[in-house]
Amino acid sequence: MKKLFPNGCMSILLILLSTLIISCSKENNPINDWKTFKDGIYILNEGNYGRNNSEISHYDLTTKKVIDNFYSAANGRSIGDNANSIFFFEAKAFIAVDASNKIEVMNLADGKSLGMIDLGTKGSPREIFILNSSRGFVTSFSKNAVIEFNPKTLSITREIPVGKFPEGIVLKNDRLFVANSDLGNGSTVSVIDINTNAVVKTLSVGQNPRMLSHSNDGKIIISCSGDFFDTNFISGFYVIDPSLLIVVDSVKLAYHPQDFIISKSNFLLYINDKGVGRINLSTKNVDTVFISGSTVNDIFGIPYALAFDEITEQLYVSNPKDFTQNGEIKIFDKTGNYLSKFDVKINPGGIYIYR
């Protein structure tokens, strides 16, 4: 899950929100004999804001073993402060490290650093998309821009102004679609033509657009989380036709939908205030609480991130516990039955399956 506000305030906001709704660890396996990995699940642990303790955990899908300090054991230091997202490219992980204003590049095989891209003061990277070895793009939360960079030389190419406080970014038809959250007040998506490097259209969607993904039928789906301080606000998912550049459909929802994934069987699984929801995109049937929040997190009832393994048909959901101690990942089958769990580090905000 990505931060809703700059300066890593997501943890505080969620705790306050959960309190409003209610009222109205251990180290897993330190690396002794170093082994190399690639296939598996990489968990991006955000750490605590200002503590410079972001970390990667690696979960081996075959042995079921976890290495919590995958990055720091290989490099003798943490990734940085408030890591936000990962993009896989050419057996490397490009990691957006928000408060450190950089993109860290990590070798997937052994966790070693391959360099970094310094985005400068207020660089605040949120989401990354890499087109090829010479063109990569990252949303800059505090610069209100998309920064283009060269993934090979690790240098900055240009900045493209978009809306306020951009977060999610995806590419379709030589156009980048960028969610402008505006700290929860936004309601637009900027469309950038990568041939001209300029915004060609701005689309109106729901309030607080944050995450985008491709649907199975070639559309773009965006989650709009709404106003987190208004428990009655109806938010939801909006569908964009990337050829016509218009909004063609929407599913209105309560409980502030956030991080989401779309399965090959055409189900959209998403996190909300109550737990994990599910939408059948073929029928638009909505199951608002597919997995209850208390099943994931028995302290605040708040899940934090999710991923779906298409091969095993298992759902991975992160439990941040109280946002200050080490968290865990809980595994469910496709019908929502709890299977098992494993420990990770503080604030597991992203779950990335790599095969």
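Coordinate-derived values only; no laboratory data. Note that this is a predicted model, so its numbers are computed, not measured. Glycine gets a Cβ as well: all are built from the backbone with ideal geometry, and neighbour counts include every protein chain shown.
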Of SER190, MET211, GLY293, which is farthest towards the positive pole of the chain's charge dipole, taken about the Cα centre with +1 and -1 on the beta-carbons of Lys, Arg and Asp, Glu respectively? SER190
Spin-label model distance (nm) - LYS164 vs GLU90, 7 Å beyond Cα toward Cβ: 3.8
Given 0.36 nm per residue, what is the gain on full extension from ASP39 to ASN132 after removing their alpha carbon distance, in nm? 31.3 nm
Alpha-carbon spread of the range 47-86, three principal axes, descending order, Å: 35, 20, 15
Projected onto the charge dipole of the chain (+1 at Lys/Arg Cβ, -1 at Asp/Glu Cβ, origin at the Cα centre), which of GLY76, PHE89, GLY349 gives the Cα projection farthest towards the positive end? PHE89
Inverse of mean 1/r across different Cα pairs in the range 76-174, Kirkwood, Å: 13.2
Each label sits 7 Å from Cα toward the beta-carbon; between ASP110 and ASN185 the label points are separated, in nm, by 5.0
Residue farthest toward the positive end of the dipole of the range 199-294, with Cβ of Lys/Arg at +1 and Asp/Glu at -1: which of PHE229, VAL199, ASN272? VAL199
In whole angstrom, and with the biggest value first, how far do the Cα coordinates of the range 6-354 range along each principal axis? 54, 49, 36
Quick calc, the range 212-276, dipole around Cα centre from Cβ unit charges on Lys, Arg (+) and Asp, Glu (-), nearest 20 debye, gives 180
Taking the Cα centre as origin and putting +1 on Lys and Arg beta-carbons and -1 on Asp and Glu beta-carbons, what dipole magnitude results for the range 137-295, to the nearest 20 debye? 220
How large is ³J(HN,Hα) for each residue in the range 285-298, as worked out from phi by the Karplus curve 6.51 cos²θ - 1.76 cosθ + 1.60 (θ = phi - 60°), to whole Hz, x for Gly and Pro? 6, 10, 10, 4, 10, 6, 10, 5, x, 5, 5, 7, 10, 7
Where the only charges are on Cβ atoms (+1 Lys, Arg; -1 Asp, Glu), what is the dipole of the chain about its Cα centre, to the nearest 20 debye? 320
Quick check: pseudo-label points 7 Å beyond the Cα along Cα→Cβ at ASP217 and ARG355, how many nm apart are they? 2.6
Please tell me which of these pairs span more than 21 angstrom C-alpha to C-alpha: LYS172/LYS334; LYS164/LYS264; LYS284/LYS334; LYS92/LYS143; LYS92/LYS164? LYS172/LYS334; LYS164/LYS264; LYS92/LYS143; LYS92/LYS164
Here the net charge surrounding THR157, from other residues whose Cβ is less than 15 Å away from its Cβ (Lys, Arg +1; Asp, Glu -1), is +1
For 119-129, 242-252, 269-279, ranked highest to lowest by mean beta-carbon neighbours within 10 Å, the order is 269-279, 119-129, 242-252
